[in-house]
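Taking it in order: structure first as structure tokens, then the write-up.
Just so it is clear, none of the values below were taken in a lab; they were calculated from the coordinates. On a predicted model such as this, the values are computed, not experimentally measured, just so you know. Every residue, glycine as well, gets a Cβ built from its backbone with ideal geometry; the counts of neighbours run over all protein chains shown.
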Amino acid sequence: MRDVENLMGKAKASLAVNDPPYNVVVGNANTHNLSKIDLPSYLDFSKKWVAATLNVLASNAHFYVWMGADYRDNFQPLPDFMILMREFTTLKARNFITIRNQRGFGTQKNWMWVRQELLHYTKGNPNFRVVYTDIPKILRGYYKEVNGRITENLERSKSEMIRPGNVWVDIQQVFYRMEENVPGCYAQKPLKAIQRIIESSSNDGDFVLDLFAHSGTTLIAAEQLGRTAYTADIDPIFAEVTIRRLERYRKTGKTGWQWQNPFPEIDQIF
Ligand SMILES: C[S@@+](CC[C@H](N)C(=O)[O-])C[C@H]1O[C@@H](n2cnc3c(N)ncnc32)[C@H](O)[C@@H]1O
């Protein structure tokens, strides 16, 4: 709680986008800060960071959290986390977004797991801006009478493109051939996903909070969109990666390192 107060100073965040560890073993990267712990301890950790975030939220604010479900362990912690969130009565549940990954994991004996979950809550009555995907509308139909005339949905719409809805299928997962890739960051979120959240749920100049920086995606997206991000990571390596990523972006306009090493002074660290 105190660390987050120190991070924010007097600033209040109108948008929190948190991506905590999901309490699953990530590939062979069961590092100290991403290790699996027992569920009560995980929920206790969740309660603390949610309370610390609420403590610095503006009176009208959006609160997003990325969360996972491990089918090998009864789908924890997603449902447990959702139930825990009911204790925070200042927050109102707004949506449950699923992002479709291109690559999944699974075996020949199971459906491929290609989903990532994003929970959306609000405090007070914050603005929400409708945003659009890059996918053109092609379906005609859904006829409705407007001012005595039968119109179809393309005529009535405000954009040629479709809205993202709560299943996002149009976002490319980060991989080593993309400029935004940060080698060594196994949990990196796509910039496009965070940009969508920031554009729809905050205004120019707003403060955005992300307590789990990792590769610094929230920081870069906020910089691109004219918001100020406050971010942190318990792991000094990821904190350093995040700082370097912003410095590099400001200097070169590049959003990541693609396959190059963010720590060129050390030959092989990851
Ligand atoms: C899932 S990753 C975040 C990914 C990030 N959204 C991105 O796009 O790069 C979770 C991060 O939380 C950090 N972390 C774990 N426990 C933490 C804690 N108690 N406080 C702050 N950061 C923590 C880990 O070091 C890891 O970098």
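Relative to the compact-globule estimate of 2.2 N^0.38 Å, the Cα radius of gyration of the range 58-151 comes out at 1.54. Candidate membrane-span-like segments in the chain, meaning DSSP H helices with Cα atoms spread over at least 18 Å of their own axis and a Kyte-Doolittle mean of 0.0 or above, are 39-55, with no membrane implied.
Close amide H pairs (under 5 Å, H built 1.01 Å from N) link ASP70 with PHE75, GLN76, LEU78, residues at least 5 positions away or on another chain. Applying 1/(1 + (r/R0)^6) with r as the Cβ-Cβ distance of ARG2 and GLU152 and R0 = 45 angstrom yields a FRET efficiency of 0.20.
Under the criterion of Cα pairs below 8 Å and six or more residues apart, the relative contact order for the chain equals 19 percent. Once you reduce the range 164-242 and the range 73-140 to the center of their Cα atoms, the two points are 16 Å from each other.
Farthest toward the positive end of the dipole of the range 62-160, out of ILE150, ASN74, THR98, is the Cα of ILE150, where the dipole comes from beta carbon charges about the Cα centre.
Taking label points 7 Å from Cα along the Cα-to-Cβ direction, ASN74 and PHE45 give a separation of 1.9 nm.
Here the calculated FRET efficiency for LEU225 and SER59, from their Cβ-Cβ distance with R0 = 22 Å, stands at 0.50, rounded to the nearest 0.05.
Globularity index of the range 142-270 is 1.38 (Cα radius of gyration / 2.2 N^0.38 Å, N = number of residues). Net charge of the neighbourhood of THR242, taken over other residues with C-beta under 14 Å away and scored Lys/Arg +1, Asp/Glu -1, is -3. Rounded to the nearest 500, the 222 nm mean residue ellipticity of the chain from helices alone is -8000 deg cm²/dmol, with -39,500 (n - 2.57) taken per DSSP H run of at least 4 residues.
Electrostatic bookkeeping for ALA229 treats Lys and Arg as +1 and Asp and Glu as -1; over the other residues with beta carbon under 9 Å from its beta carbon, the sum is -1. Computed from the alpha carbon atoms alone, the convex hull of the chain holds 173 Å³ per residue.
Annotation: the residues ASP3, ASP235, sorted from fewest to most other C-beta atoms within 10 Å of their own C-beta, follow the order ASP3, ASP235.
Net charge in the neighbourhood of ILE162 (other residues with Cβ under 14 Å of its Cβ; Lys, Arg +1, Asp, Glu -1) is +3. The label point for ASN127 and the one for TYR143, both projected 7 Å from the Cα toward the Cβ, are 3.8 nm apart.
For the range 114-181, the C-alpha radius of gyration divided by 2.2 N^0.38 Å, with N the number of residues, is 1.56.
With the simple model of a label 7 Å out from the Cα in the direction of the Cβ, ARG115 to TYR186 spans 2.3 nm. Per-residue extension of 0.36 nm, minus the Cα-Cα distance of TYR176 and GLU199, leaves a gain of 5.7 nm for this segment. In loop segments of the range 38-85 as defined by DSSP, the chymotrypsin sites (Phe, Trp or Tyr not before Pro) with at most 12 further C-beta atoms inside 10 Å of their C-beta are PHE75.
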